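Questions regarding the structure given below will be posed in turn.
The values are calculated or read from the model by the stated rules, or taken from the named source; none is laboratory data. Since the model is a prediction, treat every value here as computed from it, not as a measurement. Neighbour counts run over all protein chains shown; Cβ positions are idealised from the backbone, glycine included. Calculation scope for accessible area: heavy atoms of the full protein, side chains included, ligands and nucleic acids excluded. Shrake-Rupley method; radii C 1.70, N 1.55, O 1.52, S 1.80 Å.
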Amino acid sequence: MSTPRRGREEGEKPFWISFSDLMSALMVLFLVAMSVALLAVTKKVSEEEREDKQRAEAIASLMEEIQKVVSHKEFEGVRVIGNTIDFGPRGRFEREGQNVLSAPQRALLRQFTPRLLERLRSSDAGKHWFKRAVVEGYASQSGKYLFNLNLSLERSERVLCELLRQPLDGEPGLSQTDRELIATKFFVGGASFNSLRSTADDSRRIEFKLEFKTRQERREERASPQAPLNERALADALDPRERCPIFDR
C-alpha cells in the first residue's frame, strides 16, 4: 500500500513546481509592466515641465526686452508690470467722460507700438506663445456703471482707431505690416471702474495687456491649425482713410 502512495506524491510534485514557476513569471511580467508605465509617466511629466520652463523663460525674456524699450527717455512714465504695459500719467484721460486722445498721447502710441510689435515678431515668445494684446480702457468711479463701461470701451477703441488710421500732418505713421498685426492680434477691452487706482485721475487710463497661450492651447493649435488669413480681404478692410466711428466727447 505504501508504494502507490509514493507514486502519487511523486506525480503531484511536478505540478506544484510548475505552478510556482508560473506565479514567478507573472510577477516578473507585472514588475516589468509597472516599470514601463512609470517610465512613460515620468517622461511625460518631464516633457511638460521642460515645456513649461521654456514658455516661462521665453515670456520673461520678451518682457525684459519691452522693459528695455520703455526705459528710453522718450517713453518716460511708461511701466511694465508683469505682462501689462501701463502708460501711467501719459496715458491718462484728462477729464471725466473724455474719450479723445491728446496729440502727445497719439505721438506716444505711434512711437511705442511699432517697437512693441517688432519685439513680438522677433522673440520666441512672440512667435510661439503670444496669443493677443488686450487694449484695456478704464474709468473713474464717478457716474453710473454702464456709462463708464461704455466709456472704457470707447477709450480702448480710440487707441486702435488712432493706430490704424492715416496719421495727421507731422505724425508718424505705422507700416501696413504693423497695421495688419494690430488688426488681427489687438483686442478691445473695457473694465468700467472695476480696477480703480488711488486717485480718480489715475483710474482714467489705458493699458496693453499681453496674453500668452498655454501648453494645451498651443498643442490644440498644432493639431488643428487655423485657416490661412485672407490677406487681400484684410488689406481692403484696413482703409487708413476710414473715420473712427466714435462720437468725440
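Which loop-located GluC sites (Glu not before Pro) does region 153-249 contain, where loop means any DSSP state but H, G, I, E or B and the Cβ has at most 12 other Cβ atoms within 10 Å? Present the calculation step by step, with values, prior to reporting the outcome.
Numbers: sites: Glu154, Glu157, Glu162, Glu180, Glu207, Glu211, Glu217, Glu220, Glu221, Glu231, Glu242; in loops: Glu242.
Loop-located and lightly packed - Glu242.
Scan (i) 40; (ii) 17; (iii) 11 for the value of percent of Cα pairs over 33 Å apart calculated from this model and give just the label.
Given (i) 40; (ii) 17; (iii) 11, the calculated one carries the label (i).
To continue, here is another question. With the chain treated as a Gaussian network of Cα nodes joined by springs under 10 Å, which of Leu229, Leu26, Leu38 yields the largest mean-square fluctuation?
With Cα springs under 10 Å in the chain, the top fluctuation among Leu229, Leu26, Leu38 is at Leu26.
Here is a follow-up. Would you mind checking the tilt of helix 145-164 against the longest principal axis of the Cα atoms of the chain, expressed as 0 to 90 degrees and rounded to 10?
The answer is roughly 80 degrees.
Which residue fluctuates most in the GNM of the chain (Cα springs below 10 Å): Gln216, Gln166, Gln98?
Gln216
With n ≥ 4 as the cut-off for DSSP H runs, can you work out [θ] at 222 nm for the chain, using -39500 (n - 2.57) per run divided by the number of residues, rounded to the nearest 500?
Working: 7 runs with 139 residues, N = 249.
After summing the helix terms and dividing by residue count, I get -19000 deg cm²/dmol.
Further question: Please list Ser46, Ser203 in order of solvent-accessible area, largest first, computed with a 1.4 Å probe with all protein chains present.
Details: Ser46 60, Ser203 0 Å².
I get Ser46, Ser203, largest accessible area first.
Okay, next question. Cα-based count: Lys pairs in region 49-183 below 22 Å, eight or more positions apart or different chains? Don't jump to the answer; show the numbers that get you there.
Working: Lys53/Lys127; Lys53/Lys131; Lys68/Lys127; Lys68/Lys131.
Summing the qualifying lysine pairs gives 4.
Select from region 79-170 those trypsin sites (Lys or Arg not before Pro) which occupy a DSSP coil region and have at most 15 other Cβ atoms within 10 Å, ordered by residue number.
Details: sites: Arg79, Arg90, Arg92, Arg95, Arg106, Arg110, Arg115, Arg119, Arg121, Lys127, Lys131, Arg132, Lys144, Arg155, Arg158, Arg165; in loops: Arg92, Arg95, Lys144, Arg165.
Sites meeting the loop and neighbour criteria: Arg95, Lys144.
Taking a virtual spin label 7 Å from the Cα of Glu217 along the C-beta vector, which residues in region 77-94 bring their backbone nitrogen under 18 Å of it?
Under 18 Å, as judged by backbone N against the label point of Glu217, lie 82-85 of region 77-94.
Note down the accessible area of Leu31, probe 1.4 Å, to the nearest 10 Å².
100 Å²
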